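Any read-out appearing in this document is the output of simple, stated calculations on the displayed coordinates, not a laboratory observation. What you see is a predicted model; the values in this text were computed from it and never measured. Cβ placement follows ideal geometry from the backbone for every residue including glycine, while neighbour counts extend to all protein chains displayed.
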Amino acid sequence: MKLTLILLLNLLFVFNSLAQITQIDFMVGPNLSSARGSNSTEELWSPDISISGGVGITYSVATKSAIIVKLLFENRAFTNTDKINYTDENNLPVEANGEVNLNVAYINIPFLYSYQFGNKVKFNIETGPYVGIYLYDKLKVEVEGLPNVDAAQLNSNASDFGVSLGFNAYYPVSDKMSLKFGVQNYLGFNDISGDFSSFGDFKTNTLALQLGISLGINSKI
């Protein structure tokens, strides 16, 4: 993790030296994460809705081209619904509806190339790699007729990396501020299964809706 932070600081220094900061975005919105990897992983975990948000800095390198660096909190949620068998207080077998909710939180740092176009309403297409720094995970088990249980964690402590692709629209409300509407997809390449590796590879794909404001710094947005 220390090496990752050092590399990030060096990259930011290079961008600041070679390009001009023209825009800062603040964004938040819902996301939908799905599990990838082995067949058992995809069958076990269904997509679920959660939240992501953060800040992005745009470095202009040409009239329509820019480099965007984002710092985002992202929670990835998954659900498994199935029948659960257990023994009650009378030592009798019981079958009940059960649900397992998994949440894995990351700090995502995408490095994106952006192509910008449009007139009054601006648009951009952005793509590039991202790094995900693991924060924590939570696993909750809900069984019909029983108290909720906070079960064992993944304990993956695994960073993620992958590629991101996004599309954004900026509607101006003043010379220096615009409303931002965007959609971003994060395709993860790393196995984050941790203690649950017996189920197979656990990779993720997250589709995020981003709503927010964009502030112009050195030029009009």
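The fewest-to-most ranking of Val131, Val173 by surrounding Cβ atoms within 10 Å reads Val173, Val131. As a proxy for reagent exposure, Tyr171, Tyr134 were ordered by neighbouring Cβ count within 10 angstrom, fewest first; the result is Tyr171, Tyr134. Neighbours of Ile213, meaning other residues whose beta-carbon lies under 9 angstrom from its beta-carbon, give a summed charge of 0 when Lys and Arg score +1 and Asp and Glu score -1. Distance between the pseudo-spin-label points of Lys140 and Asp175 (7 Å out from Cα toward the beta carbon): 4.9 nm.
Measuring against 30 Å, Cα to Cα, the residue pairs Lys70/Lys122; Lys140/Lys180; Lys64/Lys203; Lys140/Lys203; Lys138/Lys176 contain Lys140/Lys180; Lys64/Lys203; Lys138/Lys176 as the ones spanning a longer distance. In this simple spin-label model, placing a label point 7 Å from the Cα along the Cα-to-Cβ direction at both Leu207 and Phe117 gives a separation of 2.3 nm. Sorting Lys140, Lys122 by the number of Cβ atoms found within 10 Å of their own Cβ, with the fewest placed first, yields Lys140, Lys122.
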